[in-house]
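What follows is a set of notes on a single structure, which appears directly below.
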Amino acid sequence: MDEWARRGIADAVVAPGSRSAPLALALARDPRVRVHVQLDERSAAFFALGLGRATGRPAIVLCTSGTAAANFHPAVLEAHHGRVPLLVCTADRPPELQDVGAAQTIDQTALFGPATRWATTVDPPADEPDAATMWRRLAARAVREATGWLAGPVHLNLRFREPLVPTGAPLIEVPPLREPPVDDPAVDDPPIDDPRSGAPPRSRGGIAPDANTVSRIADLVRQHPRGALVVGWGSDVRAETVERYAAVTGWPVLADAISSARRGTAAISTYDFLARTPEVRDALDPTMVLRLGAPLTSKATTAWMESPGAGRPLVVVDRDPRRHDPERAATELVTDHADRFVVALTHQLHSAGMTPDRISPDRWDLVERSVRRAIDEHIDRGDEPFEGRIARDVMNVVPTGGQLVVASSMPVRDLDSFARPRDDIRVHANRGVNGIDGFVSTTLGIAAGAGAPTVAMLGDLCFLHDSNGLLGAAKQDVDAVFVVVDNNGGGIFSFLPQAELTEHFEELFGTPPNIDLAALAAVHQIPVTRITRADELPAAVEAAVVAGGVRMVHVRTDRETNVARHRELEAVAAAAAKAALGRVGTE
């Protein structure tokens with residue numbers, strides 16, 4: 001524990017248990033570490049995940065043996081795919097109690113399979129000459145592996161014998177380890193693909209971006225002045241880097257709402273609507289696409305920008321090669337830190353005197369402003385809460401310096417479609433595996449780690465799925481407002497082909513829970529504000545943020561009406577975009 005504290009670990013989440021007592025007591029007795037106690041192991045792991053998302057530092061999550069450890073798995077998967085640092089500690093029985101029918105004992109060796117950056121099982125502590133040094137080295141490596149080139153979860157399966165509580169014997173005192181040298185981030189990079197495989201070229205950076213790769217991409221950009229920059233989640237690119245690139249190239253920026261890069265005059269926030277109208281796609285179609293990070297949430301825009309048959313260069317930059325190219329459309333894959341690569345690329349373009357093409361950005365800007373105005377005017381006319389308007393208004397009212405956490409399924413899609421650019425808040429989402437599980441706990445962990453007002457937007461099923469995360473939440477020293485969009489079921493399925501299966505749709509897909517969510521919140525002593533009119537939402541969220549603590553704003557919507565409003569807005573946006581293009585021409 002001393003070694004972890006020396007290396008900046010500041011938070012630990014403990015799910016109560018007996019076999020984990022040695023480490024739990026060490027955590028509780030160290031004043032350098034905040035200990036958060038969560039009764040449910042799945043919630044504990046997602047709370048630790050939220051801490052890691054907010055701070056960039058791994059949090060410790062600890063449990064006892066058996067199924068307790070298995071309940072960590074969903075959060076471990078999200079940390080793995082979402083590149084969130086996490087120190088997973090599972091207590092285990094000693095070797096003599098394995099495979100003999102001992103209570104609460106399962107095989108926990110490599111329990112999480114390939115979803116960890118490093119995993120090891122450690123036998124019980126023994127009074128040996130180098131034991132303390134071994135434990136320090138173990139702790140040091142765990143942090144290093146969790147925070148490396150691809151951050152992620154580390155699993156320490158720790159076997160303990162009884163007694164599990166202090167006996168009065170003194171601890172062994174040893175000096176701390178020297179600080180390790182800074183790792184070369186290229187060490188853990190995957191090998192470059194064999195060019196004979198038929199795959200697109202794949203290059204990688206080391207300490208700095210590869211100069212030849214930067215020059216090659218710069219030449220390509222200069223040949224395509226009417227390109228587009230796409231920024232997905234997890235790109236590791238700073239918003240100011242994106243703005244600088246857009247200023248030098250004149251390219252529009254299609255940044256996902258959860259990328260925290262949707263800002264500046266080049267930002268296009270209505271691309272999901274533009275992608276649904278063929279005439280608009282044809283008029284704005286870029287001749288090259290540079291994507292940073294994961295694909296956009298908008299499937300329509302991804303199909304537009306990354307169509308394998310488009311015949312245009314698609315260059316993807318991301319430090320994780322496994323997430324590069326799900327559409328198999330990339331013409332080049334660059335495994336590198338997106339921010340430093342784009343900084344180098346922008347510098348080379350600027351030095352070469354690239355002159356932005358003014359026709360393309362002016363056209364994009366006019367269409368963006370026209371469609372944004374038409375959408376806002378249309379959704380502001382009605383009194384009935386509409387999920388797209390809820391997403392827009394929630395994004396607008398998060399206080400400066402605050403955190404917005406958005407759930408998967410429809411909330412993240414509505415945010416991507418309706419949110420305006422903002423440059424003064426951070427946006428978080430569990431998009432590693434796109435699950436709704438653990439969302440309440442993740443939000444509370446983010447609020448605890450950020451130490452700033454946090455607003456979360458989620459659906460009713462997502463809220464119910466992690467209601468155990470509310471256990472003790474009212475007594476935690478965090479400020480988190482949950483805006484729960486309650487359409488009594490799985491709203492996203494109403495947009496999918498399953499909606500045509502009228503005979504079994506509600507039973508298998510809509511799955512209305514018919515539960516009073518406000519009553520459930522009251523069980524956990526969470527204050528609730530009910531919203532019945534659309535224009536009431538902003539003031540209700542602002543009041544909840546000011547009041548502090550954990551609170552809920554409850555908004556009921558209708559699934560069928562919501563689908564109809566989305567379809568109306570697609571037509572409104574298409575008309576506005578075509579009218580704007582008619583004013584400037586198509587050339």
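The values are calculated or read from the model by the stated rules, or taken from the named source; none is laboratory data. Note that this is a predicted model, so its numbers are computed, not measured. Glycine also receives a Cβ, built like all others from the backbone with ideal geometry; neighbour counts cover every protein chain displayed.
Of all residues in segment 359-401, those satisfying the criterion of being within 25 Å of Ala266 (Cβ to Cβ) and assigned to a loop (DSSP other than H, G, I, E, B) are Val398, Thr400, Gly401.
Consider Leu444 carefully, then state whether it is assigned to a helix (DSSP H, G or I) and either within 13 Å of the chain's Cα centre (by Cα) or closer than 16 Å to Val550 by Cα (or both). Criteria met by Leu444.
Among the residues of segment 531-550, the ones that are in contact with a Phe, Trp or Tyr (Cβ under 8 Å, 6 or more places away or on another chain) and surrounded by fewer than 21 Cβ atoms within 10 Å (Cβ to Cβ) come to 1 in all.
Could you list all residues from segment 64-109 that are assigned to a strand (DSSP E or B) and either under 20 Å from Gly449 (Cα atoms) or not assigned by TED's automatic domain parsing to the domain that holds Leu138 (or both)?
Within segment 64-109, Leu86, Leu87, Val88, Cys89 qualify.
Against the criterion of being within 19 Å of the chain's Cα centre (by Cα) and hydrophobic (A, V, I, L, M, F, W, C), Ala257 qualifies.
On the stretch given as segment 1-60, residues that are outside any helix (DSSP H, G or I) and polar (S, T, N, Q) total 3. Does Leu333 count as modelled with pLDDT of 95 or more, buried (at least 21 other Cβ atoms within 10 Å of the Cβ) and either assigned by TED's automatic domain parsing to the domain that holds Pro421 or aliphatic (A, V, I, L, M) (or both)? Taking the combined requirement at face value, the residue does not satisfy it. If we scan segment 111-131, do we find a residue that is among the hydrophobic types (A, V, I, L, M, F, W, C), in contact (Cβ under 8 Å) with a residue 60 or more places away in the chain, assigned by TED's automatic domain parsing to the domain that holds Ala45 and in contact with a Lys or Arg (Cβ under 9 Å, 6 or more places away or on another chain)? Checking segment 111-131: not a single residue is among the hydrophobic types (A, V, I, L, M, F, W, C), in contact (Cβ under 8 Å) with a residue 60 or more places away in the chain, assigned by TED's automatic domain parsing to the domain that holds Ala45 and in contact with a Lys or Arg (Cβ under 9 Å, 6 or more places away or on another chain). A residue that is more than 20 Å from Arg226 (Cβ to Cβ), over 19 Å from the mean Cα position of the chain (by Cα) and crowded, with 18+ Cβ neighbours inside 10 Å cannot be found anywhere in segment 313-322. Starting from residues that are of a type outside the set (Lys, Arg) and in contact with a Ser or Thr (Cβ under 7 Å, 6 or more places away or on another chain), keep the ones in segment 91-109 and report whichever is surrounded by the fewest Cβ atoms within 10 Å (Cβ to Cβ). Taking the candidates together, the pick is Thr109.
Restricted to segment 551-581, and to residues there that are without any contact (Cβ under 8 Å) to a residue 40 or more places away in the chain and closer than 17 Å to Arg413 by Cβ, the residue that is surrounded by the fewest Cβ atoms within 10 Å (Cβ to Cβ) is Arg567. For segment 110-162, the tally of residues that are crowded, with 21+ Cβ neighbours inside 10 Å and part of a helix (DSSP H, G or I) stands at 5.
Residues in segment 249-276 that are among the β-branched types (Val, Ile, Thr) and either under 14 Å from Val317 (Cβ atoms) or surrounded by 20 or more Cβ atoms within 10 Å (Cβ to Cβ) (or both): Thr249, Val253, Ile258, Ile268, Thr270.
Does Val563 satisfy the criteria of being over 28 Å from the mean Cα position of the chain (by Cα), β-branched (Val, Ile, Thr) and closer than 30 Å to Val280 by Cβ? In short, no.
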